[in-house]
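Report on the structure given below.
The values are calculated or read from the model by the stated rules, or taken from the named source; none is laboratory data. Treat the numbers as computed from the prediction; the structure is a model and nothing was measured. All Cβ positions, even for glycine, are placed from backbone atoms using ideal geometry, and neighbour counts span all protein chains on display. Each accessible area value is taken on the protein alone, full model and side chains, heavy atoms only, with ligands, DNA and RNA left out. Shrake-Rupley method; radii C 1.70, N 1.55, O 1.52, S 1.80 Å.
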Amino acid sequence: SNMDIILIIIGGLLMVAGFVGSFLPMLPGPSLSYVGLLLLQFTGSAPFTLSFLVVWAIIVVAVMLLDNIIPAYGTKKFGGSAYGVWGTVIGLVAGMFFPPIGIVMGPLLGAFVGELVGGQSSDRALKSAFGSFVGLLSNILLKAIASGLMGYYFFINL
């Protein structure tokens with residue numbers, strides 16, 4: 001039906017946005033992907049079981065919680081501060097304009113500059129920057145895997 005086509009198109013766009021959102025801090029990647037799965041469920045084919053949808057809801061919530069815990073843990077473990085975390089995010093966004101090297105160097109440089117602004121010595125700032133960077137990369141990987149898998153289930157069930 002026409003409604004199914006609309007739901008599939010919106011769901012597909014949410015899948016793409018969800019995956020892209022795994023790399024952009026301002027988009028809730030896995031949450032968008034999950035809504036895409038739900039839209040496919042509302043089509044005539046309703047391909048997923050209730051338990052499948054519940055398990056993915058739990059995974060998305062867990063990923064969202066880890067999204068907030070991992071960077072703080074990485075920063076704390078390596079002696080970082082909020083300056084480094086903000087520097088990491090600003091560096092990631094700025095680095096997007098200079099792919100591919102900027103996507104890696106941006107967050108690292110941002111965290112380093114952030115820690116220097118926060119008053120750390122350069123060797124401590126470098127160590128903290130590394131902690132923030134590892135936290136950010138771990139998060140991106142986790143979110144990209146979750147969104148990627150949901151995208152896979154979405155497209156094989158079309």
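Here are a few things to note about the model shown:
- Two-decimal log10 I(q)/I(0) for the chain, as the Debye equation yields it once each C-alpha is a single scatterer, q = 0.11, 0.16, 0.19 Å⁻¹: -0.50, -0.82, -1.01
- Residues in the stretch 100-105 carry Karplus couplings, in order, of x, 4, x, 5, 8, 6 Hz; the curve used is 6.51 cos²θ - 1.76 cosθ + 1.60 with θ = phi - 60°, and Gly or Pro positions show x.
- Helix-only mean residue ellipticity at 222 nm for the chain, each DSSP H run of n ≥ 4 adding -39500 (n - 2.57), per residue, nearest 500: -28000 deg cm²/dmol
- With all protein chains kept in place, the per residue accessible area of the stretch 54-132 amounts to 59 square angstrom at a probe of 1.4 angstrom.
- In the chain, Cα pairs under 8 Å separated by at least six residues give a relative contact order of 28 percent.
- Fraction of accessible area attributable to carbon and sulfur, the stretch 64-158 (%, probe 1.4 Å): 77 percent
- Candidate cross-link partners of residue 143 among the lysines, defined by an alpha-carbon separation under 21 Å and a same-chain spacing of 8 or more, are absent.
- Electrostatic tally near residue 128: other residues with Cβ closer than 14 Å to its Cβ, Lys and Arg +1, Asp and Glu -1, net +2.
- Straight-distance crosslink candidates among aspartates and glutamates, where the alpha carbon sits under 18 Å from residue 76 and sequence neighbours closer than 8 are dropped: 67, 115, 123
- Per residue, the average separation of C-alpha pairs within less than 8 Å and at least 6 apart gives the stretch 59-150 a relative contact order of 36 percent.
- Of the whole protein surface, residue 77 contributes about 130 Å² of accessible area at a 1.4 Å probe radius.
- Relative to the Cα centre, the charge distribution of the chain, modelled as +1 at Lys and Arg Cβ and -1 at Asp and Glu Cβ, gives a dipole magnitude of about 320 debye.
- In Hz, Karplus ³J(HN,Hα) per residue of the stretch 18-32 (6.51, -1.76, 1.60; θ = phi - 60°; x = Gly, Pro): x, 5, 4, x, 5, 9, 9, x, 8, 10, x, x, x, 5, 4
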